[in-house]
Structure formats: structure tokens, C-alpha cells
Amino acid sequence: MAEGPWKHVAEGVFQRRYDPLDITVGAVLGGQGVAIIDTRNNAPEAQEILDEATTQFGLPIVAVINTHAHYDHTFGNQLFAQRGIPIYGHHRIPAHFEQFEKPRLEMVQRSPELEPEMNWGGVTLTPPSHLLAEPCTANLGGREVELIPLGAGHTDTDLAIHIPDAKAWFLGDIIEQSGPPMFGSGAYPMKWPVVLQSLLARIQPGDVIVPGHGEPVDREFVVRQMHCFELLAATLGSAHGNGAAIKDIAFPAELQELWPADFLLEAAKDAYAQLPDNAKEPGKRGA
């Protein structure tokens, strides 16, 4: 089968990288259909996925899976839902939509000039039809796919997707390759390394890992990124425990090599908001 715009990453598993935002969309082929992973930023972008996947693979789309709740991975859901295609995702996506995605969407729909590149005028928030609180194995189009809700990390809605017979994983934005992992919009930097540790207990040498943005990576890439998250959590925990203001945190050079200063500031804000307020001198924690 010719690849066309889709990159073959494992047996019967494909990745398509779309602009804007270099977003990864996955396709898992079974004998009777295709499962699509993530739906992009709006209905026209989702229509592009549907058209290209149908043309490329010659099979119906039988399922959609969301790796997490963020707009660039879910705002195309409505197009697939309108066609009666089941959508799988973490059970906390509806709550995340209410807290984070809905306010921003409504703001932009009221004042589209604020973020004209988003094209959100026609977006209707559409959570998954199948909300998962526990790991499960689903037969999607004749292919077994493991769907694993994760603990809080990039968000509290992260879902790992494992295709066992292909030794392939889609991890959404828990891992990023084309840029540094993002904070804000519901991130948990103190808990993120624990999530990666739990995944590494299952990911084997030789497995293919597809991030939410960027090229596929191997297990060692995940190990290296996990070590950076461990160092970040230790740095933030120590600073918080010592009562340091966010603006005064001294980040190690290794972290500054991965994350720009504004990303580290966002990580610190997230962590300080979530850690117990046990400062010796109240008021020192602010930026």
C-alpha cells in the first residue's frame, strides 16, 4: 500500500502530521475498518482527516479515540459523532471541557478576532461517547487496541493507546518530539513523571511510540524525557518547600535546554497551585 500523506509506523498503523500545530493523527487498520486517533481543531480539519483516510485506506472509519481533551485533539469530534462513529476517551474529558475548553471556545466565538486562526465559529463541544475510567481492550474494525486511562500528567484526561500486535503506542502530548512538552490548561507537572514511569513499566525495547506532536520515538527517548520531568518536579518541590517565589526559582541548565523560560514559569504556576500551601513565610510564593 502506498503511503500517500500517511506515514507507515508499524504493521497496519499510520501517522499523519497536520498543520496547524503539527498535530499527529493516527490510523489503526483492521480487516473491517479504521480507528482514527484524534480529530484536530474544527469540523473542516476533521473532514480532511475523514476524506484522506477513506481515500488512502479504502476502509470505513469505525471508531475515533481521543488521546486527551485539548482543542487541537478533540474539536473535530462533532463531525465523526454526526456520522454515528463511536468516540473513545478518558472519563474526565467532559469535566475538562467545562473547566478549560468551553470558556475559551465561548470567548473566541463571541470575539473571533481574538484568535482568528482557530476557525471555531462552527465548533460544538463533543465529548467521547465511550468514557473510560479503567483500561480496556476494544476490537476496533477487527483489530485489538488497548485503551489505558492515565493518571494526571499533561492533563487529567490523558489516554495511552497500545496496539499490541504492532508493538506501537500513541501517547498524545504526554510525550512531544517536535517541541517541548506543554504546561497550562490543566497540566500536573509534579505528577507527570509518575505517569511516564507507569508507561515505561509496559513499553518494551523496540516498541514504536508516536507522540502528539512530532516524529515517532523509541523507549529511550521516553526515558530521557521522563528524567527531565523528574528533575523538574524535584526542583519545583524544593522551591515550594523553601518558600521561594516563582520568579526566583533557579532552574537547572538541563531543564532550560528542553523548556524555554515561559514554559518553566507556566510549570511552576501549575505546580504551586496544586501543592499544599505549607510555606514558612506566607506570601512568598507569588510570581
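Numbers for the structure displayed
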{"quantity": "Ile49 vs. criteria assigned to a helix (DSSP H, G or I), within 19 Å of Pro211 (Cβ to Cβ) and either of a type outside the set (D, E, K, R) or touching a Gly at 6+ places or on another chain (Cβ under 9 Å) (or both)", "calculated": "yes"}
{"quantity": "The listed residue being within 20 Å of Ala152 (Cβ to Cβ) and either in contact with a Cys (Cβ under 8 Å, 6 or more places away or on another chain) or touching a residue at least 24 places away in the same chain (Cβ under 8 Å) (or both), out of Ile93, Ile87, Ile37, Ile49", "calculated": "Ile93"}
{"quantity": "Looking only at the range 1-39, and only at residues there that are aromatic (Phe, Trp, Tyr) and within 19 Å of the chain's Cα centre (by Cα), the one that is surrounded by the fewest Cβ atoms within 10 Å (Cβ to Cβ)", "calculated": "Tyr18"}
{"quantity": "Some residue of the range 95-118 being among the acidic types (Asp, Glu), in contact with a Phe, Trp or Tyr (Cβ under 7 Å, 6 or more places away or on another chain) and closer than 29 Å to Val194 by Cα", "calculated": "yes"}
{"quantity": "Which listed residue, of Asp158, Asp165, is within 13 Å of the chain's Cα centre (by Cα) and either of a type in the set (Asp, Glu) or more than 20 Å from His73 (Cα to Cα) (or both)", "calculated": "Asp158"}
{"quantity": "Positions within the range 82-95 being assigned to a loop (DSSP other than H, G, I, E, B) and surrounded by fewer than 18 Cβ atoms within 10 Å (Cβ to Cβ), in sequence order", "calculated": "Arg83, Gly84, Pro86, His91"}
{"quantity": "Strands (runs of 3 or more DSSP E) wholly inside the range 110-228 containing at least 1 residues that are touching a residue at least 60 places away in the same chain (Cβ under 8 Å)", "calculated": "136-139, 144-149, 159-163, 168-172, 208-211"}
{"quantity": "Positions within the range 223-239 being crowded, with 18+ Cβ neighbours inside 10 Å and in contact with a helix residue (DSSP H, G or I) (Cβ under 6 Å, 6 or more places away or on another chain), in sequence order", "calculated": "Met226, Cys228, Phe229, Leu232, Ala233, Leu236"}
{"quantity": "Condition broken by Arg92, with the remaining ones in (1) over 19 Å from Ile175 (Cβ atoms); (2) touching a Pro at 6+ places or on another chain (Cβ under 8 Å); (3) basic (Lys, Arg) satisfied", "calculated": "(2)"}
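Let's see how each residue does on (1) buried (at least 22 other Cβ atoms within 10 Å of the Cβ); (2) closer than 23 Å to Ile148 by Cβ:
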site	(1), (2)
Asn41	yes, no
Leu59	no, no
Val62	no, yes
Thr67	yes, yes
Gly76	yes, yes
Phe80	yes, yes
Phe97	no, yes
Glu101	no, yes
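Yes/no matrix, rows are residues, columns are (1) over 28 Å from the mean Cα position of the chain (by Cα); (2) at pLDDT 95 or above; (3) farther than 18 Å from Leu196 by Cβ; (4) not hydrophobic (A, V, I, L, M, F, W, C):
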{"site": "Ala233", "(1), (2), (3), (4)": "no, yes, no, no"}
{"site": "Gly241", "(1), (2), (3), (4)": "yes, yes, yes, yes"}
{"site": "Leu255", "(1), (2), (3), (4)": "no, yes, no, no"}
{"site": "Glu266", "(1), (2), (3), (4)": "no, yes, yes, yes"}
{"site": "Ala271", "(1), (2), (3), (4)": "no, yes, no, no"}
{"site": "Asp277", "(1), (2), (3), (4)": "yes, no, yes, yes"}
{"site": "Lys280", "(1), (2), (3), (4)": "yes, no, yes, yes"}
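The values are calculated or read from the model by the stated rules, or taken from the named source; none is laboratory data. All values reported here derive from a predicted model rather than from experimental measurement. Because the Cβ atoms are built from the backbone with ideal geometry, glycine has one as well, and the counts that use them run over all protein chains shown.
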